[in-house]
Amino acid sequence: MLWLLFFLVTAIHAELCQPDAENAFKVRLSIRTALGDKAYAWDTNEEYLFKAMVAFSMRKVPNREATEISHVLLCNVTQRVSFWFVVIDPSKNHTLPAVEVQSAIRKNRNRINNAFSLNDQTLEFLKIPSTLAPPTDPSVPIWIIIFGVIFCIVIVAITLLILSGIRQRRRKNKEPSGVDDTEDKCENMITIENGIPCDPLDMKGGHINEAFMTEDERLTPL
Amino acid sequence: MEKARPLWANPLQFVFACISYAVGLGNVWRFPYLCQMYGGGSFLVPYIIMLIVEGMPLLYLELAVGQRMRQGSIGAFRTISPYLSGVGVASVMVSFFLSMYYNVINAWAFWYLFHSFQDPLPWSVCPLNGNRTGYDEECEKASSTQYFWYRKTLNISPSIQENGSVQWEPALCLLLAWLVVYLCILRGTESTGKMEQLTNPKAWINAATQIFFSLGLGFGSLIAFASYNEPSSNCQKHAIIVSLINSSTSIFASIVTFSIYGFKATFNYENCLRKVSLLLTNTFDLEDGFLTASNLEEVKGYLASAYPSKYSEVFPHIKNCSLESELDTAVQGTGLAFIVYTEAIKNMEVSQLWSVLYFFMLLMLGIGSMLGNTAAILTPLTDSKIISSHLPKEAISGLVCLISCAIGMVFTTEAGNYWFDIFNDYAATLSLLLIVLVETIAVCYVYGLRRFESDLKAMTGRALSWYWKVMWAGVSPLLIVSLFVFYLSDYILAGTLKYQAWEASQGQLVTKDYPAYALAAIGLLVASSTMCIPLVALGIFVLRCLKRGDAAPVA
């Protein structure tokens, strides 16, 4: 009689946990990708740990504190490593709704990952999307700070250059304009001797002294 | 006695100014693209031939004109013949168009530079979607670097018709870029110094075009720079040095660019293989780590024969990973600089450092060229007595920068990148060819080649080699005419002009037709600079006739 009951229970369990069954989820692990040489083999003990973690997650849901490890069923374990699991209710008749399982797993995803030394990409629950960590956003974007610094430097440099330019021009304008007029009149009558304009050698503020030619051809060779 | 013209402190300053003007972004993002499209190393043959036959002679001509006439482009050509001052005006117009849109590139370089000080680099990760279960849809379909360029930097609209508003972030960067340019030109130009397929006719045409535009002929910048030279300086030597350095920079840049291409192609190829392996591993529940790059093909064959139905289901999703197809993706322009390079940089170690260095380099190149451009605009303005008597040169520079900056805000709107492409493709191409052609003919035939030759001899003390004379008088004008005819016929034959628009829903570029008003804008752009030459000549002719008409009754 007991054997019959046992077979009945396993049969029902087998029906409840099947690929693409109602409220069943597929799990995929990539242990070798994550851990390389330190990869552990997937055996029944690891499966037991997995069942325990799922039961733990379900126990945190308000109405489901009575969930036991035996309520979590695993099936179709492949070489990949991938398998399907369902959570059945204490009456062992039907599976818990997918939405409940989904939200429970999502809330405790981090703990489950850590139990297996994996992360969201290497321990995948298909159809249970993980909440991705948002990138850290500082209150003031960094680029504005750097922009502000460079902007201020450039403005200060421009102001300094403009001010020094104005100061230079004011110094030039301080020379009496009358002197310039007479000098202009003199320059209209330039005497030329030997191709060199005879500009007086006395210093005029800011004029090129043509007597000192930079081009070599203009000077008479010795 | 007129005020002494400011001079370069020493010839080296002048050479550096010319080099920093000629070596620009085109060396980095256009030349490597052309090499790749037209046969790799063999593209160097038409390139070097065109450099010797077209680039150096025309560069020497522009420098010699500037040094002889000692004025900016408008004044220089007015001295040759008053009817030809339209050439100078056209040069200034083209320079003005260029300065409007070119500084936007510097703005983008600033934007990327400021964003390089973050860990991780913002273009290496996709932002999350609304409920934080996955990544943003547009970013998934395209790539994180493309998303950062099209969405975060440009916030591009789906077509040129949808204008959108001015984006404040690129607008700020544009303002900063113009402030930096103003800072450099504030004190006048003298302070800026203190920087195969051989039978394929297209290869030759592109080599000629690349040399032409890479050296920056026709904008009036070289004339402006040379006008501040001592009359005796050896501009022949300078012309050769500048053109050789410009070309070697292009070649060096293409070596770097090809190694970046190789890195990116290898990385993407390995990524592709990994994705295919993962897909097969998951579909057939194979052991994790079983599939490697070496056994991928035979495993695929085994699976196809063992599980034909399942394999045919998953087959459409299996991409054929090929290193050759990754290497064949050739990109030029802003796409290369801001998408391909950033993608390669984000995968390197210490990516923040490489990113900062790279965008700093782009900025140096861009600002160097901008200074040459603004010199081309400012030198004729400061030479003109009407303007310079009323305003000090700081005010003139400030006004030019302000106007260009204000108009440049158009390029920071959501459709701004499409207008940028219009300006980039059409503002300078045809007009420059015409301007340089008229320049060459003006100097050789209107001013007289013999007269110019004797002027140069008196100025520099060196006789003009026969090579330059032959090039100026014959070969170079013929080349320019053929280039001009080719481009004109190309535009006419192509029918309606098309452009690439970014489709956010698909995450890729689609080809669209320009609307009527955009075509009108293109026509206006080309016409406003080319028509200057005949219109100004006509205007001067009419003025002279009127003056002669007034004078006749008196006489």
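Take every residue in peptide B:281-289, count the Cβ atoms of other chains within 10 Å of its Cβ, and give the average of those counts.
That works out to 6 on average.
Express in % the proportion of alpha carbon pairs of segment B:1-137 at distances exceeding 20 Å.
For segment B:1-137, the share of Cα pairs beyond 20 Å comes to 71 percent.
Please compute, for peptide B:177-186, the average count of beta-carbon atoms on other protein chains lying within 10 Å of each residue's beta-carbon.
Per residue, the average neighbour count from other chains is 3.
Taking the Cα centre of segment A:12-125 as the origin, how large is its charge dipole in debye, to the nearest 20, when only Lys and Arg (+1) and Asp and Glu (-1) carry charge on their Cβ atoms?
Taking the Cα centre of segment A:12-125 as origin, the dipole is about 360 debye.
So what does the Cα-only Debye profile of the protein assembly as shown read at q = 0.11 Å⁻¹, as log10 I(q)/I(0), no solvent term?
Scattering profile of the protein assembly as shown, log10 relative to I(0): -1.25.
Calculate how large, on average over all directions, the projected area of the Cα convex hull of chain B is; give the answer in nm² to one decimal.
Mean shadow area of the hull around the Cα atoms is 31.6 nm².
What distance in nm lies between label points placed 7 Å from Cα along the C-beta direction at A:Cys152 and B:Met364?
Here the answer is 2.7 nm between the modelled labels.
Where Lys and Arg each count +1 and Asp and Glu each count -1, what net charge lies around B:Asp119 among other residues with Cβ under 15 Å from its Cβ?
That sum, taken over residues with Cβ under 15 Å, equals -1.
Report the percentage of all Cα-Cα pairs in segment A:12-125 whose separation exceeds 17 Å, rounded to a whole percent.
Percentage above 17 Å: 52.
How much FRET efficiency would the formula 1/(1 + (r/R0)^6) give for A:Met1 and B:Arg274, where r is the Cβ-Cβ distance and R0 is 56 Å, rounded to 0.05?
Working from the Cβ atoms, E equals 0.50.
Using a 10 Å cut-off on Cβ atoms, rank the peptides B:307-313, A:113-119 from the highest mean neighbour count down.
A:113-119, B:307-313
Where the Cα atoms of segment B:88-185 are projected onto their three principal axes, how long is each span, largest first, in whole Å?
60, 34, 20
Return one whole number: the accessible area per residue of segment B:462-531 in Å², for a 1.4 Å probe.
For segment B:462-531, the per-residue accessible area is 54 Å².
Any idea how far apart B:Tyr517 and B:Asp136 come out in nm if each label point goes 7 Å out from Cα toward Cβ?
It is 2.9 nm.
Could you give me the radius of gyration and the Dmax of segment B:435-487, taking only the C-alpha atoms into account and expressing both in angstrom?
12.3, 40
Please give the FRET efficiency for B:Ala293 paired with A:Asp120, using the beta carbon to beta carbon distance and R0 = 25 Å, rounded to the nearest 0.05.
0.50
How big is the A/B interface in buried accessible area, both sides summed, 1.4 Å probe, to the nearest 100 Å²?
3600
At 7 Å along the Cα-to-beta-carbon direction for both B:Ser454 and B:Leu244, put a label point, then send me their distance in nm to one decimal.
3.3
How do B:234-244, B:513-523 rank on mean C-beta neighbours within 10 Å, highest first?
My ranking of the peptides, most packed first, is B:234-244, B:513-523.
Hey, what's the Cα Rg ratio for segment B:430-526 versus the globular rule of thumb, 2.2 N^0.38 Å?
That ratio works out to 1.70.
Carbon and sulfur: what percent of the protein assembly as shown's accessible surface (1.4 Å probe)?
In the protein assembly as shown, the share of accessible area belonging to carbon and sulfur is 63 percent.
Taking only protein heavy atoms into account and a 1.4 Å probe, give the accessible area per residue of segment A:1-134 in Å².
57
With a 1.4 Å probe on protein heavy atoms only, tell me which residues of segment B:91-127 lose at least 20 Å² of accessible surface in the complex relative to the chain by itself.
So the qualifying set is B:Phe114, B:His115, B:Phe117, B:Gln118.
Do the alpha carbons of any pairs in B:Lys275/B:Lys346; B:Lys152/B:Lys498; A:Lys172/B:Lys393; A:Lys51/A:Lys127 sit beyond 21 Å of each other, and which pairs?
Where the Cα-Cα span goes over 21 Å, the pairs concerned are B:Lys152/B:Lys498.
Tell me, what HN-Hα J-couplings in whole Hz come from the Karplus equation 6.51 cos²θ - 1.76 cosθ + 1.60 at θ = phi - 60° for each residue of segment A:61-70, using x for Gly and Pro?
Per residue, the Karplus-derived 3J(HN,Hα) values read 6, x, 8, 10, 5, 8, 5, 10, 4, 5 Hz.
List, by residue number, every residue in segment B:1-34 with a reduction of 30 Å² or greater in accessible area between the chain on its own and the complete protein assembly, 1.4 Å probe.
In segment B:1-34, residues shielded by partner chains: B:Met1, B:Ala4.
Roughly how crowded by other chains is peptide A:27-37, in terms of the mean Cβ count from those chains within 10 Å of each of its Cβ atoms?
2
Quick one: what are the phi-derived ³J(HN,Hα) couplings along segment B:160-165, Karplus 6.51/-1.76/1.60 with θ = phi - 60°, whole Hz, x for glycine and proline?
6, 5, 7, 6, x, 10
By its C-alpha gyration tensor, with a ≥ b ≥ c as the square roots of the eigenvalues, how is segment B:384-477 shaped: rounded for a/c under 1.5, else prolate for a/b larger than b/c, else oblate?
Here segment B:384-477 falls in the oblate category.
Lone cysteines in chain B, going by a 4.7 Å Cβ-Cβ cut-off?
B:Cys18, B:Cys35, B:Cys173, B:Cys184, B:Cys235, B:Cys401, B:Cys405, B:Cys444, B:Cys532, B:Cys545 - these cysteines have no disulfide-compatible partner (Cβ-Cβ under 4.7 Å) in chain B.
Calculate the dipole size of chain B relative to its Cα centre from +1 charges on Lys and Arg beta carbons and -1 charges on Asp and Glu beta carbons; express the result in debye to the nearest 20.
Using only the charged Cβ atoms, the result is roughly 2440 debye.
Could you tell me the calculated FRET efficiency between B:Thr283 and A:Val140, based on Cβ-Cβ distance and R0 = 60 angstrom, to the nearest 0.05?
My answer for the efficiency is 0.80.
The values are calculated or read from the model by the stated rules, or taken from the named source; none is laboratory data. Everything quoted here is computed from the prediction, not taken from an experiment. In this analysis, Cβ positions are derived from the backbone assuming ideal geometry, glycine residues included, and neighbour counts consider all displayed protein chains. In case anyone asks, the SASA skips ligands and DNA or RNA and just uses the protein heavy atoms, side chains included. Shrake-Rupley method; radii C 1.70, N 1.55, O 1.52, S 1.80 Å.
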